[in-house]
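This report concerns only the one structure given below.
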Amino acid sequence: MPAGQYLDLAIRVLLGVVFATALVSKLRPADFREFVETTGALLPAGLRPRRRPLGIAYLLCEAAIVLLVAVPPAVPAGMALAAGVLLVLAVAISRKERRGGHVLCRCFGAGTAPLGRPHLVRNVVLAGLAVTGLAANTLGPGGDVDSAAAVISAVAGGLFCALLVIRFDDLLSLFAPTPASRHQDPAGSGW
C-alpha cells in the first residue's frame, strides 16, 4: 500500500467515525428535535422556519459522508462533502459568535457546552483534514509501505483522533478555569 494511502485511511476512519457518531446521536425523535431547535438558532432568520427540513438534509449529509468515505471509489466525494459541511458549520458558528447568544452544541447528542470559538477551530481543523485526505487520495501514491502494522496504526490513529473529537467538550471542560481559579490572589499565594 502506498504511504499516502495510510494517511488517507486514517482520515477516512476519523471522519467516518465522527460523522457516524454524530448521526446516530440524533436519530431518536427527541434527540433530533433538540438538535433542530438548538441549531435553528444558527440559521439566518429567513431560514429558521425551514429548520426541520434543513435538519433532515443535514442528517442525510452526515449519512452520505459515512457511506462515501467507506467506499474507495467514492472517497473523494466523501472528503469534499465533509469539508463543505464542516466549513458551513464553521461559518454558522462564526456568525453566532459575532451576534452573541447562547447555543448548545448538539453535535454528538445532548451536550451542555455552548458553541463557541473552540468548536469553530475544531470544525476548521476537521475540514483541513478532509482536504488533506482528499489530496492524499487523489494526488497518487507515495512510496510503498506494505505492512499490516502500518494499516493497524492508521486505523488506530484515526479512531483515537475520532475519540478526541467526539469527547471534545469533555476535554475542554478539563482545562476550563474554575470559579476558584478566577478569584485567586494575583501573587499566587492563595491567601
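Here, each number is a calculation from the coordinates, and none is a lab measurement. Being a predicted model, the structure only gives us computed values, none of them experimental. Neighbour counts are summed over all protein chains in view; Cβ atoms, including those assigned to glycine, are modelled from backbone coordinates with ideal geometry.
Summary of values
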quantity: Potential lengthening between A77 and R48 on full extension [0.36 nm per residue; Cα-Cα distance subtracted]; calculated: 7.6 nm
quantity: Theoretical gain in end-to-end length, H102 to A176 [0.36 nm per residue, Cα-Cα removed]; calculated: 24.9 nm
quantity: Shape of region 1-133, Cα gyration tensor, a/c cut at 1.5; calculated: prolate
quantity: Check: the chain dipole with +1 on Lys, Arg Cβ and -1 on Asp, Glu Cβ, in debye; calculated: 960
quantity: Net length gained if the chain between I56 and V88 were fully extended (0.36 nm per residue, minus Cα distance); calculated: 10.0 nm
quantity: Under the Karplus curve 6.51 cos²θ - 1.76 cosθ + 1.60, θ = phi - 60°, whole-Hz ³J(HN,Hα) for region 113-130, x wherever Gly or Pro sits; calculated: 7, x, 5, x, 4, x, 5, 4, 4, 4, 5, 5, 4, 4, 5, x, 5, 4
quantity: Under-5 Å amide H pairs with V103, H placed in peptide plane, nonlocal only; calculated: L115
